[in-house]
Amino acid sequence: MPQYFARVRWLSAFVCILAAPAPAQQSTTPAPPSLVVLIVVDQMRPDYFDRFASQLTGGLGRLYHNGAVFTSAWQDHAITETAPGHSVMLSGRFPRGTGIITNTLGVPDPKAPLVGGGGPGASPARFRGSSLIDWMQAKDPRSRALSVSRKDRGAILPMGRARESVYWYAADGRFTTSTYYADTVARWVRDFNDRHAPASYAGKQWTLLLPDSAYTEPDTSSWENFGQDAAFPHRFPSDPAQAARLFTEYPAMDSLTAQLALAGVSAMRLGAGPQTDLLSISFSTTDAVGHRYGPDSRELHDQIVRLDRYIGAFIDSLYKLRDSSRIAFAFTSDDGVAPIPEVRAAREHVEARRVEIGPVFDKLDAQLHAAHLDGVRLSFEEGIFAVDRRQLARMRVNADSLVDAVASALRQTDGVLRVDAVKALPRDTLHDAIARRWYHMLPADLQADFVVTLKPYAYYGATSIATHGTPHDYDAQVPLIFYGPAFKPGRYSQRALVADIAPTLAAVIGVKPSERLDGVVRSEAINASRE
């Protein structure tokens, strides 16, 4: 009997060993990012990286030298402005899909006034479809987002229609939001505003960051800043309220925006939970300086090297708050910019081309008046021409004849490259970049008759600042960089789009878009273990 019981105990032990689970193997798949960060520099041309390479020792230099850099990256739509560009970044769709086609038809919304006033109302009411934060919350409702910018459209549109924490700068020197998002400003934002940092700059000066010898650009030009205050130093207004209102025109605005983002990360505990959170930060001063002084100015040069330091301090501070191994960055811009025609003409010994279309519409107005048709409604904005066809039908006016006459007159105007009927845009979008970008621009239900494209580097005659907004490459090419452990550093020569950012980040954090996208996953830049 004792031998029998011994055998039973031995068999029982053997069975237990067979039934026991195998020792857990340590997973080689890294944890998904706890924080996704989109960094946008408004009006950042990619050539600035090479142009100022030796002086970029901070964040821009870090991203450019250590990130996954796509050297042929594009905003692939025609009206290269802030609102359309920001609508693409985290939606993965062209403006044709987001419905955001111009700045004026972007976020202005009188039904969503600013909390506490200080500017026009704004919301994403015109935005169509979803964005990255929607996909994240579909997977994990705990995911949260913060978006900050000097501009309302720079803060609002990366979030799509999501009612997240979205803040931008008001004319009275505060960061605020609109009633679309909340009835009150969060306490941490109020505490930040209570520092009154912009007003404290009253009477101070914007001086060069580096020694004068580090700048090769001339410091004076009659075409800069409307012909006034064109040389360093640039003084802030002596009145604190005025200094706060004009703070947006100075590099320190970007530093303040970065500080607000960091305060929000701490207060909201973004990236500290088990879920993945999202931070979008859009720096707008490069756009302000670029418009006022132009891309060839000493002011633009100093702005870029200052921004490099600000972004470096931002990344370093973020790494002190959160685990750097669990942060994924994307870096891009909404548009490029063309040189001021007269500055380019002097440098390259070419014609300074300014296009005068006023005579075409003056003649049209005179013809309509002579025909007793003064009330005809038509519009021409950002190259898009449209007439009210129902009104013309009631007035017994042949709309096609009127449209054809205007289009013909514009085609004959010096400086106009092409006029394309919207319904007849060339289908060869592979070889015709201009047609492709206009096609990507216009929603199918938009009432538009034709679109006008000026010749390269031409400005409309009334434009008094450096500008962008065309389908030409110098306005459409932008930086595109992914940075962090999830990505493989290097140079990638493949053609890439800003629309690729959202699907690529979605792949890295393991979420699925809820609709068809125009962008694709840049899998060549993702570490294999993260896909």
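Tabulated results
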| quantity | calculated |
| --- | --- |
| Hits in the range 155-187 (condition: at pLDDT 95 or above, of a type in the set (A, V, I, L, M, F, W, C) and in a loop (DSSP other than H, G, I, E, B)) | 162, 170, 182, 185, 186 |
| Among (1) buried (at least 21 other Cβ atoms within 10 Å of the Cβ); (2) more than 20 Å from the chain's Cα centre (by Cα) - the single one residue 134 does not satisfy | (2) |
| Scope the range 43-63; condition surrounded by 24 or more Cβ atoms within 10 Å (Cβ to Cβ) and touching a strand residue (DSSP E or B) at 6+ places or on another chain (Cβ under 7 Å); matching residues | 63 |
| All positions within the range 327-362 that are closer than 19 Å to residue 468 by Cα and among the small types (Gly, Ala, Ser) | 333, 336, 338, 345, 352 |
| Any pair with Cβ under 6 angstrom, 6 or more apart, that starts in the range 159-176 at a residue that is more than 17 Å from residue 123 (Cβ to Cβ) and ends at one that is at pLDDT 95 or above | 171/245; 173/198; 173/199; 173/244; 174/193 |
| Checking residue 512 against (1) within 22 Å of residue 131 (Cβ to Cβ); (2) of a type in the set (D, E, K, R); (3) in a helix (DSSP H, G or I), the condition it does not meet | (3) |
| Filtered residues of the range 347-364 (kept if surrounded by 14 or more Cβ atoms within 10 Å (Cβ to Cβ) and either part of a helix (DSSP H, G or I) or touching a strand residue (DSSP E or B) at 6+ places or on another chain (Cβ under 6 Å) (or both)) | 354, 355, 360, 361, 364 |
| Qualifying residues in the range 457-492 (those that are outside any strand (DSSP E or B) and of a type in the set (D, E, K, R)) - the one surrounded by the most Cβ atoms within 10 Å (Cβ to Cβ) | 475 |
| Selection from the range 479-522 of residues that are in contact with a Leu (Cβ under 8 Å, 6 or more places away or on another chain) and among the charged types (D, E, K, R) | 500, 518 |
| Top-ranked residue of the range 151-190 - restricted to ones that are under 17 Å from residue 131 (Cα atoms) and of a type in the set (A, V, I, L, M, F, W, C), ranked as surrounded by the most Cβ atoms within 10 Å (Cβ to Cβ) | 156 |
| Hits in the range 488-528 - residues which are among the acidic types (Asp, Glu), in contact with a strand residue (DSSP E or B) (Cβ under 9 Å, 6 or more places away or on another chain) and closer than 21 Å to residue 277 by Cα | 500 |
| Residue satisfying all of: in the range 284-338; closer than 16 Å to residue 62 by Cβ and basic (Lys, Arg); surrounded by the fewest Cβ atoms within 10 Å (Cβ to Cβ) among these | 320 |
| Residue within the range 425-434 that is surrounded by fewer than 20 Cβ atoms within 10 Å (Cβ to Cβ), among the polar types (S, T, N, Q) and either in the same structural domain as residue 63 (by TED's automatic domain parsing) or under 27 Å from residue 70 (Cα atoms) (or both) present | yes |
| Meets criteria (surrounded by fewer than 19 Cβ atoms within 10 Å (Cβ to Cβ), touching a Ser or Thr at 6+ places or on another chain (Cβ under 7 Å) and either at pLDDT 95 or above or not in a helix (DSSP H, G or I) (or both)) for residue 386 | yes |
| All positions within the range 402-443 that are closer than 26 Å to residue 461 by Cβ, hydroxyl-bearing (Ser, Thr, Tyr) and out of contact with any Asp or Glu (no Cβ under 8 Å at 6 or more places or on another chain) | 408 |
| Test: residue in the range 193-216 that is of a type in the set (Lys, Arg) and either more than 25 Å from the chain's Cα centre (by Cα) or within 18 Å of residue 318 (Cβ to Cβ) (or both) | yes |
| Criterion violated by residue 214 - all others in (1) at pLDDT below 95; (2) farther than 24 Å from residue 257 by Cα satisfied | (1) |
| Of all residues in the range 406-449 being in a helix (DSSP H, G or I) and β-branched (Val, Ile, Thr), the one that is farthest from residue 341 (Cα to Cα) | 422 |
| Conditions (1) at pLDDT 95 or above; (2) among the small types (Gly, Ala, Ser); (3) not assigned by TED's automatic domain parsing to the domain that holds residue 378; number of the one not met by residue 464 | (1) |
| Failed item in (1) aliphatic (A, V, I, L, M); (2) out of contact with any helix residue (DSSP H, G or I) (no Cβ under 6 Å at 6 or more places or on another chain); (3) assigned to a loop (DSSP other than H, G, I, E, B), with residue 101 passing the rest | (2) |
| Only one of 496, 476, 486 that is over 18 Å from the mean Cα position of the chain (by Cα) and of a type in the set (Gly, Ala, Ser) | 486 |
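The values are calculated or read from the model by the stated rules, or taken from the named source; none is laboratory data. Remember, it's a predicted structure, so these values are computed and weren't measured experimentally. Note that each Cβ is placed from the backbone with ideal geometry, even for glycine, and that neighbours are counted across all protein chains shown.
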